[in-house]
Amino acid sequence: MSQARDWNERNAKIIEEFRANAGKVGGVFEGAPLLLLHHTGAKSGTERVTPVMYQAVGDAYAVFASKAGAPNHPAWYHNLVANPETRIEVGTDEVPVRARVATGEERERIWTTQKQRYPAFAAYEAKTARQIPVVVLDPLR
């Protein structure tokens, strides 16, 4: 079985559990803030859903394109850059959002907080030469 198929199957189970339990899941994400990120394929135009950890930043949500420290950005990052208007599921709420890549002081502040709260993110950073993007999902009013 391919690694991509393994991830797709794992994500499908997390998504099912998230929706069945009002946004709560067990396993490696138990107790972590998790949202379901909808994104449209930059090339395919296909809508996908990916579970990702988030950090509340005011009324916005920051997500992290860590890909567990892989050398390249996750597909969802490229999809959000190409198609920034999307939606997320947080708990039982569906929220329309616009994605933007955080830069400068904003990125550093959010990223530092994430590494302090969840040290695995510092380990992901140590594994890769790339700067891990911080994407802010601003709710659309």
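The values are calculated or read from the model by the stated rules, or taken from the named source; none is laboratory data. What you are looking at is a predicted structure, and each value in this text was computed from that prediction instead of being measured. Here the Cβ is made from the backbone with ideal geometry for all residues, glycine too, and neighbour counts use every protein chain on show. For the accessible areas, the whole protein counts, side chains as well, though only heavy atoms, and no ligand, DNA or RNA atoms are used. Shrake-Rupley method; radii C 1.70, N 1.55, O 1.52, S 1.80 Å.
D59 meets the conditions (1) in contact (Cβ under 8 Å) with a residue 12 or more places away in the chain; (2) farther than 16 Å from P139 by Cβ in every case but one. The failed one is (2).
One residue alone among T50, T92 is on the phi < 0 side of the Ramachandran plot, over 12 Å from the mean Cα position of the chain (by Cα) and hydroxyl-bearing (S, T, Y), and that residue is T92. Within the range 1-24, residues that are of a type in the set (A, V, I, L, M, F, W, C) and loosely packed, with under 12 Cβ neighbours inside 10 Å sit with their Cβ atoms under 9 Å from residues that are modelled with pLDDT of 95 or more and assigned to a loop (DSSP other than H, G, I, E, B), at 6+ positions apart or across chains, in these pairs: A22/G91; A22/T92. Just so you know, in the range 54-103 the residues that are assigned to a helix (DSSP H, G or I) and in contact with a helix residue (DSSP H, G or I) (Cβ under 7 Å, 6 or more places away or on another chain) include one that is most open to solvent (accessible area, probe 1.4 Å), and it is A68. Hey, among the residues in the range 106-133 that are within 19 Å of Y61 (Cα to Cα) and of a type in the set (S, T, Y), which one's surrounded by the fewest Cβ atoms within 10 Å (Cβ to Cβ)? It comes out as T112. Within the range 104-141, the residues that satisfy the criterion of being within 18 Å of N79 (Cβ to Cβ) and part of a loop (DSSP other than H, G, I, E, B) are R130, I132, P133, L140.
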